[in-house]
Amino acid sequence: MGWKKCAMIPAPVPSKESLKPIGGGAKGVFRPYTVTKIPVFTSETWCFKIDGLVMNPRVYNWEQFVQIPRKVQVSDFHCITGWSVFDITYEGILLKDILQEAGIKSGAVQVKLYSGDGVYTDSLSIGQALLDDVMVAVLQDGRPISPDFGGPVRLIVPKMYAYKGVKWLNRIEVIDHKHAGYWEKRGYSKNAWIHKAGSTI
């Protein structure tokens, strides 16, 4: 899969469920796509911001971020161009837990998601962002996520096509309006459901 050594120190320590991994290991081949050059991060300069319409905005440095308790899930990855990878074990923080900790203010409509490349953005409705399996992931099959695949941190939205899974995620902003993401401005659906076409969640 072209895994690269994690350049972020300290590296996240995988749980027992990730080390197995409980999904048995990814089945399929990832085909990395990017709209920019792959950004380079260091432990000293990387940060993760949660702001906008929240009661408790936060900025985490890398050392603080990897100390946040994580969960493990198994999910599939579907690219809108027609390929998939199955049974991937992801470890990370559920987006709903991040938002609940931050405290969503009244008037919030969407969660805007920023890539560390400074170009790519996307968004989820509040209802979508609070789904049980939307994850801010830091480990994939027990290893730090390679920069090629969106590491050190990327969003995973298993029920939607992968363009919703923002790579190099470093900011979550709760907003009071609808935001069209990078590919949505270029004609992609704002609701990228794989099996729930037309859902209004």
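At-a-glance table
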quantity: Residue check, ASP97 under 20 Å from GLY181 (Cβ atoms) and under 14 Å from the mean Cα position of the chain (by Cα); calculated: no
quantity: Filter pass, GLU173 being at pLDDT 95 or above and surrounded by fewer than 21 Cβ atoms within 10 Å (Cβ to Cβ); calculated: yes
quantity: Within the stretch 43-85, considering residues that are outside any loop (DSSP other than H, G, I, E, B) and of a type in the set (Lys, Arg), the one nearest to GLN110 (Cα to Cα); calculated: LYS49
quantity: Only listed residue being more than 28 Å from GLY187 (Cβ to Cβ), touching an Asp or Glu at 6+ places or on another chain (Cβ under 9 Å) and not charged (D, E, K, R), chosen from VAL74, VAL85; calculated: VAL74
quantity: Count of residues meeting criterion [without any contact (Cβ under 8 Å) to a residue 40 or more places away in the chain and part of a loop (DSSP other than H, G, I, E, B)] in the stretch 143-164; calculated: 4
quantity: Test: residue in the stretch 127-147 that is surrounded by fewer than 24 Cβ atoms within 10 Å (Cβ to Cβ), under 12 Å from the mean Cα position of the chain (by Cα) and not hydrophobic (A, V, I, L, M, F, W, C); calculated: yes
quantity: Qualifying residue in the stretch 86-95 (condition: closer than 18 Å to GLY150 by Cβ, touching a helix residue (DSSP H, G or I) at 6+ places or on another chain (Cβ under 7 Å) and outside any strand (DSSP E or B)); calculated: yes
quantity: Some residue of the stretch 47-65 being touching a Ser or Thr at 6+ places or on another chain (Cβ under 9 Å), under 16 Å from VAL166 (Cα atoms), surrounded by 13 or more Cβ atoms within 10 Å (Cβ to Cβ) and of a type outside the set (A, V, I, L, M, F, W, C); calculated: no
quantity: Exclusive hit being assigned to a strand (DSSP E or B), more than 22 Å from ASN61 (Cβ to Cβ) and either at pLDDT 95 or above or hydrophobic (A, V, I, L, M, F, W, C) (or both), set LEU124, LEU113, LEU131, LEU139; calculated: LEU124
quantity: Meets criteria (out of contact with any strand residue (DSSP E or B) (no Cβ under 6 Å at 6 or more places or on another chain), surrounded by fewer than 19 Cβ atoms within 10 Å (Cβ to Cβ), small (Gly, Ala, Ser) and closer than 30 Å to SER43 by Cβ) for GLY103; calculated: no
quantity: Some residue of the stretch 5-26 being within 15 Å of GLY150 (Cα to Cα), surrounded by fewer than 19 Cβ atoms within 10 Å (Cβ to Cβ), out of contact with any Cys (no Cβ under 9 Å at 6 or more places or on another chain) and without any contact (Cβ under 8 Å) to a residue 12 or more places away in the chain; calculated: yes
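The values are calculated or read from the model by the stated rules, or taken from the named source; none is laboratory data. Source: prediction; values computed, not measured. Quick reminder, even Gly has a Cβ in these numbers, built from the backbone with ideal geometry, and neighbours come from all protein chains shown.
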